[in-house]
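For reference, the structure discussed in these notes is given below.
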Amino acid sequence: MHLRELVSLPALACQRAETHADEVALTVIEGRKTLTWETLYSRSRAWASMLHRLGVRKGDVVATMLAAGDEAAISWTGTAEIGAIEAPINHAFTGDWLLRALETTRPKLAVIDKRFAESWEPIVRELGLRVLTTADSALTGFMRVDDLLADSNNEAPSVDGRLDDPACIILTSGTTGRSKGVIVPWGRCLGTVRLGENMDPDATGVYYNPFPPFHWSARGPIYRAANRGTAMVSRERFRTSTWLDDIRDFGCTDTLVIGAMVSFLMNSPEREDDADNPLRVCTGGPLAVNIENFAARFGIDRVVATYGMSEIVNVFMTPPGETVTVRTHQSVGKESGFPVRIVKDGGAISDIGEVGELQVGGDRSSLNLGYINNPEATQDAWTPDGWFKTGDLFRRDEDGYYYFVDRLKDSLRRRGENISSAEVEAVALQHPLIQSCAVIAVPSEFSEDEVMIFAVPEDESDLAPEELLDFMRNKIPGFALPRFVEFVTELPHTPTMKIQKVELRDRGRGPATWDGLQKAFVGG
């Protein structure tokens with residue numbers, strides 16, 4: 001085996017290919033494809049050669065919008081092989097949202113799945129960006145990946161990634177403006193191994209990953225599999241109807257669940273054999289109050305709560321050997337080896353039970369390298385003494401358990417997707433009859449958040465709530481479209497004319513609130 005630093009994903013995949021060539025690395029449910037470590041690394045080398053011949057070099061950004069599974073794993077591994085940086089983009093992004101993502105990351109080129117070509121075509125013309133597609137496209141301006149791979153000679157430099165080298169870019173939701181691109185280092189990837197060791201101590205499990213490749217929740221398992229030699233089963237998105245069948249068919253032992261998933265699964269028809277499956281452990285956060293019932297129904301031995309974000313690794317988790325209960329479901333666990341502190345207004349460190357902002361310390365190579373092409377946001381995210389400001393409010397109890405309280409940010413989380421309220425507001429304000437608006441999170445019966453918009457229409461306007469939603473529908477990803485709309489004559493403001501969203505959150509839904517899901521006013 002040639003000498004390589006075993007930190008980066010390509011270095012780990014190379015080692016697995018040389019020492020465990022025929023072991024299964026990845027199974028993709030769509031298409032029933034199975035990749036051994038040898039196949040995965042060989043195809044990644046061809047991918048690296050393709051990019052290198054197209055002029056991609058160390059430090060260049062490659063934007064992707066690919067299907068989950070083999071395409072995503074091969075693209076990330078092959079791009080990193082030559083020291084380039086992959087920036088996966090949300091599949092729902094189109095129009096201005098897609099354009100902003102590309103302006104944020106400034107890629108050398110992009111590689112996309114054929115099904116996204118139509119939404120990319122106007123962007124290609126506007127930016128003059130070279131774009132590769134994974135299959136034939138009837139649209140002009142795209143190169144074909146299969147043709148380029150066929151000419152690949154696998155000759156490309158192998159760049160050893162160090163702990164403080166970029167591994168990929170993950171786009172955040174943004175808080176008061178545009179989404180930001182988090183530069184994720186290999187050291188942060190390495191930190192995710194602790195979660196794998198907690199869930200699967202003997203490294204014999206099979207991880208079920210029903211999440212798209214632009215989420216960190218789908219990237220961490222790829223890295224952990226290469227690091228620990230475990231197998232992964234991939235499905236592009238979660239489906240209630242196939243979740244249990246997938247786990248049984250492919251022998252999956254551990255997985256991630258988010259609150260909404262638990263609600264959907266618990267609301268599905270119960271069967272006598274629900275617990276007859278190989279699942280041993282699941283992790284998640286936030287976790288639903290009925291998590292114990294969920295574990296009992298599906299025969300799950302342990303539930304591990306955790307907390308992390310695009311910028312930081314899992315700094316809290318349920319300790320090994322413990323499981324989440326009804327009593328502890330609100331907690332995200334205890335410290336998992338990373339320096340943390342809770343800081344109150346004014347800068348004092350909070351005592352037990354006091355609420356403050358969570359800040360995470362340590363070397364930046366174990367957290368993040370800042371936001372790409374955004375030095376101002378990078379500087380604002382760190383304290384002068386080197387702590388990362390999460391923007392989330394936490395408290396700690398006397399037993400060392402940590403509890404998420406609220407967001408300082410104006411972002412929302414709905415069905416596993418982070419949403420920038422500022423970007424949703426910007427779309428609503430494009431309507432000629434809307435003067436001002438504010439987007440907030442309101443509780444959902446499915447866990448996490450629902451999106452609600454308070455809007456001030458022009459005087460004497462007869463604009464209906466459904467008309468505003470129809471206007472926004474094709475300008476915004478479906479997960480970001482508000483469910484609730486309420487027209488008001490004015491919004492509450494501070495003396496400095498900032499909208500007081502805390503007052504709107506306290507107010508929430510009322511009789512004048514239109515529910516876009518139920519097609520009716522909440523109060524009538």
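Miscellaneous remarks
- Cα-based radius of gyration for segment 366-406, normalised by 2.2 N^0.38 Å, reads 1.49.
- Across segment 87-126, the convex hull enclosing all Cα atoms gives 71 Å³ per residue.
- Computed about its Cα centre, the charge dipole of segment 294-418 is approximately 500 debye, with only Lys, Arg, Asp and Glu carrying charge at their Cβ.
- For segment 301-418, the equivalent ellipsoid built from the Cα gyration tensor has semi-axes of 24, 17, 14 Å, listed from largest to smallest.
- Distance (nanometres) between label positions extended 7 Å along Cα→Cβ at ASP515 and ARG327: 3.6
- Segment 258-315, accessible surface, carbon-and-sulfur percent (1.4 angstrom probe): 48
- Within the accessible area of segment 365-524 (1.4 Å probe), percent carbon and sulfur: 49
- Rounded to 0.05, the FRET efficiency of the ASP147 and GLU103 pair, given R0 = 25 Å and the Cβ-Cβ distance, is 0.30.
- Segment 26-117 shape via C-alpha gyration tensor axes, a/c threshold 1.5: oblate
- Cα gyration tensor shape of segment 173-290, rounded if a/c is under 1.5, else prolate or oblate by comparing a/b with b/c: oblate
- Model label points for VAL405 and ALA21, set 7 angstrom from Cα along the Cα-to-Cβ axis, are 5.8 nm apart.
- Its Cα centre serving as origin, the chain has a Cβ charge dipole (Lys and Arg +1, Asp and Glu -1) of approximately 900 debye.
- Working note: Debye formula, equal point scatterers on the alpha-carbon atoms of segment 235-307, no solvent; log10 I(q)/I(0) at q = 0.18, 0.26 Å⁻¹ is -0.64, -1.51.
- Eigenvalues of the alpha-carbon gyration tensor of segment 1-159, scaled by 5 and square-rooted, set the equivalent ellipsoid semi-axes at 27, 17, 14 angstrom, largest first.
- Where both bridge residues fall in segment 60-133, DSSP classifies roughly 0% of the beta bridges as antiparallel.
- In a simple Cβ point-charge model (Lys, Arg +1; Asp, Glu -1; nothing else charged), segment 59-113 has a dipole of about 200 debye relative to its Cα centre.
- Each listed q (0.14, 0.19, 0.20, 0.22 Å⁻¹) maps to a log10 I(q)/I(0) for segment 385-524 from the Debye sum over equal C-alpha point scatterers, namely -0.68, -1.17, -1.28, -1.51.
- Ranked by how many other beta carbons lie within 10 Å on average, peptides 377-388, 63-74 from highest: 63-74, 377-388
- Dipole orientation for segment 46-100: of the candidates ALA48, MET65, PRO88, ALA48 has the Cα lying most toward the positive pole (charges on Cβ; Lys, Arg +1; Asp, Glu -1).
- Projected label distance in nm at VAL355 and ASN267, using a 7 Å step from Cα toward the beta-carbon: 2.8
- Using 0.36 nm per residue and subtracting the Cα-Cα separation, the extra length available between ASP345 and GLN435 on full extension is 29.0 nm.
- Where the chain is the region considered: accessible area per residue in Å², 1.4 Å probe: 41
- Calculated [222 nm] ellipticity per residue, helices only, for the chain: -8000 deg cm²/dmol; basis is -39500 (n - 2.57) per DSSP H run with n ≥ 4, divided by all residues, nearest 500.
- Burial order of peptide ranges 504-515, 311-322 (average beta-carbon count within 10 Å, highest first): 311-322, 504-515
- DSSP bridge orientation in the chain - percent antiparallel, rounded to nearest 5: 60
- In a DSSP loop and with at most 10 other Cβ atoms within 10 Å, the trypsin sites (Lys or Arg not before Pro) in segment 305-377 are ARG327.
The values are calculated or read from the model by the stated rules, or taken from the named source; none is laboratory data. The structure displayed is predicted, hence computed values, not measured ones. Note: ideal-geometry Cβ built from the backbone for every residue, glycine included; neighbour counts use all protein chains shown. To get the accessible areas, we keep the full protein, side chains included, count just its heavy atoms, and leave off ligands, DNA and RNA. Shrake-Rupley method; radii C 1.70, N 1.55, O 1.52, S 1.80 Å.
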